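Only one structure is covered here, and it is reproduced in the block below.
The values are calculated or read from the model by the stated rules, or taken from the named source; none is laboratory data. No experiment lies behind these values; they were computed from the predicted model shown. Here the Cβ is made from the backbone with ideal geometry for all residues, glycine too, and neighbour counts use every protein chain on show. Accessible surface is based on the protein model in full, side chains and every heavy atom, while ligands, DNA and RNA are left aside. Shrake-Rupley method; radii C 1.70, N 1.55, O 1.52, S 1.80 Å.
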Amino acid sequence: QHEKIPPLLLKLADLLRYSVYDTKEVFVPLKDELTYISNYIDFEKIRIGERLILKETMESLPRPDIKIAPMLLIVFIENAFKHSKNTAEEHIFVEITLKTWADSILFSVKNSFSLPQEGENVIDKHSGFGLVSIRKRLQLLYPNEHELRIEEEEGFYQIMLRLKMK
C-alpha cells in the first residue's frame, strides 16, 4: 500500500527526532511526551488501518510545567500494539487513558491479545524485557512515588500506573 508510505515516513521522522534530540534530560515536559505518544498512535493507526479499535482519553493537563521521565509511558503503549497485533482476531482493541488527580499522573493501557494456539511456536527472545527495564526505571526515578499494577484476564491485558508529578 504505497500511498501509506509518505505519511508513515513523516510520523517516523517526528518520532525519531523527539527520541534522539528531546529526551536528554532526566525529566521532560509531560505535554511533549504526550505529543510523542500522539505521533506514535497516529503511526500505528496508519499501519494497522481498519483492524484497530482505539479508545483514547487524554485529559488536558492542569499545568503546562508538569514533568515526567522521558520515554516512560511509550513502553506500555508499544507493548499494547505489539501484543494485540499478534492476535488472530478480526479487530485489535487498544484503550489508553491519562488523567491527573491531586499530585498524581494516572495512566492506563488496556489491549486485546490471544494466547498461542496449541502447536504455535511464539518464543520472543525480547519478551518481558521492556517491563523489567521499566520497573527498574520507576524504582530509580520515582522511588516510593509510583504504583504499577498489571492485570491479565479474558483476552485483555491492562497496566495501571500512578506517578507522583514532578
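Each residue in region 139-153 was checked for being surrounded by 10 or more Cβ atoms within 10 Å (Cβ to Cβ) and either within 15 Å of the chain's Cα centre (by Cα) or among the acidic types (Asp, Glu) (or both), and 7 pass. Search region 13-25 for residues that are assigned to a loop (DSSP other than H, G, I, E, B) and pair each with any residue that is open to solvent by less than 90 Å² (accessible area, probe 1.4 Å) when their beta-carbon atoms are under 6 Å apart and the residues are at least 6 apart or on different chains. Listed by first residue and then by second, the contacts come to Thr23/Pro70; Thr23/Met71.
Among residues of region 53-73 that are under 17 Å from Phe93 (Cβ atoms) and in contact (Cβ under 8 Å) with a residue 40 or more places away in the chain, those with a Cβ under 9 angstrom from a residue that is among the charged types (D, E, K, R) and in a strand (DSSP E or B), sequence gap 6+ or separate chain, pair up as Ile53/Glu95; Leu54/Glu95; Lys55/Glu95; Lys55/Lys110; Glu56/Glu95; Thr57/Glu95; Thr57/Lys99. Screening the candidates Leu30, Leu61, Leu73 for the property of being aliphatic (A, V, I, L, M), more than 16 Å from Lys85 (Cβ to Cβ) and under 12 Å from the mean Cα position of the chain (by Cα) yields one hit, Leu73. What do you reckon, is Lys110 modelled with pLDDT of 95 or more, among the charged types (D, E, K, R) and under 15 Å from the mean Cα position of the chain (by Cα)? Yes. When the residues of region 83-101 are narrowed to those that are open to solvent by 70 Å² or more (accessible area, probe 1.4 Å) and not small (Gly, Ala, Ser), which ends up modelled with the highest pLDDT? The selected residue is Lys99.
Here is a yes/no grid of residues against (1) open to solvent by 40 Å² or more (accessible area, probe 1.4 Å); (2) modelled with pLDDT under 90; (3) more than 22 Å from Leu98 (Cα to Cα):
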position	(1), (2), (3)
Leu15	no, yes, no
Lys31	yes, no, no
Leu34	no, no, no
Phe43	no, yes, no
Leu54	yes, no, no
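Checking the condition surrounded by fewer than 16 Cβ atoms within 10 Å (Cβ to Cβ) and not in a helix (DSSP H, G or I), which residue from Pro64, Pro70 passes? Exactly one of Pro64, Pro70 is surrounded by fewer than 16 Cβ atoms within 10 Å (Cβ to Cβ) and not in a helix (DSSP H, G or I), namely Pro64. In region 74-92, the residues that are touching a residue at least 24 places away in the same chain (Cβ under 8 Å) and over 13 Å from Phe156 (Cβ atoms) form Cβ pairs under 7 Å with partners that are open to solvent by less than 10 Å² (accessible area, probe 1.4 Å) and assigned to a helix (DSSP H, G or I), at six or more places apart or across chains, as follows: Ile74/Ile37; Val75/Ile134; Ile77/Ile37; Phe81/Glu44.
A single member of Glu78, Glu50 is under 23 Å from Val132 (Cβ atoms), assigned to a helix (DSSP H, G or I) and open to solvent by 30 Å² or more (accessible area, probe 1.4 Å), and it is Glu78.
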